[in-house]
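Shown next, in structure tokens, is the structure this report addresses.
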Amino acid sequence: MGELDEPTTAELTLPAVLHALSDPTRLAVVGQLAAAGELACGNLAVSVAKSTLSQHLRVLRESGVTHTRPDGNQRWLSVRRDDLDLAFPGLLDSVLGAATRAQT
């Protein structure tokens, strides 16, 4: 597995990040990653087909919300919190907080 395309911090755009966070499945993935730090793709608790999950993970990666680290035949995911906080201070915490409040 080669390196995957991810935007640099300077290339992050607010519309792309907000679009990535606007889907409930993608938001659930980001919430799990934020809580865990890093998870293998197969350990995400989502109720969608693998092909659908792959598309969601691609959107998150290409928008710059997540980082994908290949390791052997697995891919490990994490939130690019430092980059997001640098580009859009407080955005990730606000979105994740709102999502948590909406679930209760």
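Can you tell me how many residues in the range 44-75 are surrounded by fewer than 13 Cβ atoms within 10 Å (Cβ to Cβ) and either under 20 Å from residue 96 (Cα atoms) or under 11 Å from the mean Cα position of the chain (by Cα) (or both)?
2
Search the range 4-35 for residues being among the acidic types (Asp, Glu) and modelled with pLDDT under 95, and hand back the single one that is nearest to the chain's Cα centre (by Cα).
Initial filter on the range 4-35 (among the acidic types (Asp, Glu)): 5-6, 11, 23.
Filter once more, keeping what is modelled with pLDDT under 95: 5-6.
Numbers: 5: 14, 6: 12 Å.
So, considering only residues that are among the acidic types (Asp, Glu) and modelled with pLDDT under 95, the one nearest to the chain's Cα centre (by Cα) is 6.
What number of residues within the range 82-98 are surrounded by fewer than 16 Cβ atoms within 10 Å (Cβ to Cβ) and touching a residue at least 12 places away in the same chain (Cβ under 8 Å)?
Final tally of qualifying residues: 2.
Restricting to the range 76-104, give me the number of residues that are basic (Lys, Arg) and within 11 Å of the chain's Cα centre (by Cα). Walk me through it before giving the result.
Taking the range 76-104 first, the residues basic (Lys, Arg) are 80-81, 101.
Cutting the leftovers down to within 11 Å of the chain's Cα centre (by Cα) gives us 80-81.
Residues that pass the stated criteria total 2.
The values are calculated or read from the model by the stated rules, or taken from the named source; none is laboratory data. Quick caveat, the model's predicted, so the values are computed rather than measured. Cβ sites come from the backbone with ideal geometry, for glycine too, and all protein chains shown count toward neighbours.
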